[in-house]
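Have a look at the structure below before the remarks.
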Amino acid sequence: MSLTGTPFLYTTVVLSVVAVILPLVLWSRMRGPKPLRAAARVLMLLFAQGTAVTLVFVLVNNQNNLYDNWADLLGTGNHVQQAADLGRDGTGGIALKRLPKVKQDFRTAGGPGMHAAGGVRVTQLKGRVSGVNAEVYVWLPPQYDDPAYRNKKFPVVELLPGYPGSAKAWFGAMKAHEQLLPLMRSGEVAPFILVAPRTNLLAGVDTGCANIPGQVNADSWLSIDVPKMVMDNFRAQPAPRGWALAGYSAGAHCAVKLAAAHPDRYRAAVSMSGYNDPIGERNSLAAQSPTLRAENNPYLILKKAAVPPRIALYVSGESGDGYQAGVALESIAKAPTTVHVVFLPRSAGGHTMALWQPQVTTAFRWLTLQMGQNHAQGQDRSLTGAAGATPLSPSNDGSTRAALASGTSSPAGAGRKR
């Protein structure tokens, strides 16, 4: 029975109801020796508590898409077939342009939100470079099958979840495709192809989106194998002009890190409640040594870059949860690198989907403006319009909760202290 399936949810509901009824009916009617009756009553209480905890877990998991299946939950899943040393560029010396095209078989994805907004499709991809074998979810914009766009190539955004987290979360809990569909139809947001690859590749640990010989080549999986599959199977714009990343929490760290490390593969990245130092996720493999931490810290990558990369970064977060990381990146950004930092007050939602979901439309409007554009300054003010518009105090005067969470709250209201 699927962990995220409707049958399992209904089963836990039924068992929870039964667990409540049993003590009410049998508590005073039990016969036999006193120790036996006491043991039976304890078992009924444990059964009631166990089913209640299970039901709450299932509801939370379905709402936030934390675990896809039993293997993810129990820590028995392993999607790494091999993890060879692929060198600094992550290609292992393979001439990527010479790799033959491989057509993937896609099917309709199952689960909450997967059938909305035209539907999400999924394929099982065997990475020819990374050695990773995992699923990749793809959603096509409404213009993709329009005959008027039959010769058009579309920009792509890779969507990365937090840890633990399922790639489905961007279409389930985040409802990215449902939010963006009307904006793409109206032309407010570019018709992006949305690609959500699995990032939970090893049992019980966060890969940190890093290449670690002998353990995992998550960087090459996300920045080489997945883009190659998309280019082989869809009318996608070439890199880096047509490619971007977006993530929340651990996925936010990955988005910025991959963009900073591979400006030849990505033009922009969106980070929601992310961090720079991999140690921000205690279970990150990229935090297991000082060398790995430095190699996978986007702040240090940008600081040490011989030539500032032509990338644009959108970084949002609350104080102590993403905001300072963005300010640090902004402080070292040199043209043509641009950094747009959005301060979110504590009242906006915390480190949860309630904070990240309302930011989707704002972030994609920003991506629409940034893709293919070159800003001369190290600080992008395309959304704020003026210097100093990033608020320094957690005020919410004159702004709705949704506006605060999306980063579109009133500058006048945000600038006032209570």
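The values are calculated or read from the model by the stated rules, or taken from the named source; none is laboratory data. The structure presented is a predicted model; accordingly, all values stated were derived computationally and were not measured. In this analysis, Cβ positions are derived from the backbone assuming ideal geometry, glycine residues included, and neighbour counts consider all displayed protein chains. Surface accessibility is based on the protein's heavy atoms, side chains included, excluding ligands, DNA and RNA. Shrake-Rupley method; radii C 1.70, N 1.55, O 1.52, S 1.80 Å.
Checking each residue in the range 184-193 for being under 20 Å from A268 (Cα atoms) and not small (G, A, S) picks out M184, E188, V189, P191, F192, I193. The one condition from (1) modelled with pLDDT of 95 or more; (2) hydrophobic (A, V, I, L, M, F, W, C); (3) not in a helix (DSSP H, G or I) that M231 does not meet is (3). Scanning the range 83-136 for residues that are out of contact with any strand residue (DSSP E or B) (no Cβ under 8 Å at 6 or more places or on another chain), farther than 25 Å from H177 by Cα and in contact (Cβ under 8 Å) with a residue 24 or more places away in the chain turns up D85, T91, G92, I94, L96, L99, K101, V102, R128. The condition (being in contact with a Cys (Cβ under 9 Å, 6 or more places away or on another chain) and surrounded by 21 or more Cβ atoms within 10 Å (Cβ to Cβ)) is satisfied by just one residue among L258, L285: L258. Scanning the range 259-298 for residues that are in contact (Cβ under 8 Å) with a residue 60 or more places away in the chain and in a helix (DSSP H, G or I) yields a total of 6. Restricting attention to the range 86-125, the residues being open to solvent by less than 70 Å² (accessible area, probe 1.4 Å) and closer than 19 Å to S223 by Cα number 14. Can N151 be described as in contact with a Lys or Arg (Cβ under 6 Å, 6 or more places away or on another chain) and either surrounded by fewer than 24 Cβ atoms within 10 Å (Cβ to Cβ) or of a type in the set (D, E) (or both)? Judged against the criteria, N151 is not a match. Might you let me know whether the range 340-354 holds any residue that is in a loop (DSSP other than H, G, I, E, B) and surrounded by 24 or more Cβ atoms within 10 Å (Cβ to Cβ)? Among the residues of the range 340-354, at least one is in a loop (DSSP other than H, G, I, E, B) and surrounded by 24 or more Cβ atoms within 10 Å (Cβ to Cβ), which makes the answer yes. Checked against (1) closer than 22 Å to S284 by Cα; (2) open to solvent by 10 Å² or more (accessible area, probe 1.4 Å); (3) not polar (S, T, N, Q), Y144 passes all but condition (1).
Scoring P278 on the criteria (1) crowded, with 24+ Cβ neighbours inside 10 Å; (2) under 23 Å from P345 (Cβ atoms) leaves a single failure, condition (2). Scanning the range 318-328 for residues that are crowded, with 24+ Cβ neighbours inside 10 Å and either part of a helix (DSSP H, G or I) or free of Cβ contacts under 8 Å to residues at least 60 places away in the same chain (or both) gives A325, G326.
Taking the criterion of being part of a loop (DSSP other than H, G, I, E, B) and open to solvent by 10 Å² or more (accessible area, probe 1.4 Å), the residues of the range 206-228 that qualify are P213, G214, Q215. Among the residues making up the range 356-377, those that are at pLDDT below 95 and of a type in the set (A, V, I, L, M, F, W, C) are L369, M371, A376.
Considered as a group, the residues in the range 154-186 that are assigned to a strand (DSSP E or B) and among the hydrophobic types (A, V, I, L, M, F, W, C) include one that is surrounded by the fewest Cβ atoms within 10 Å (Cβ to Cβ), and that residue is F154.
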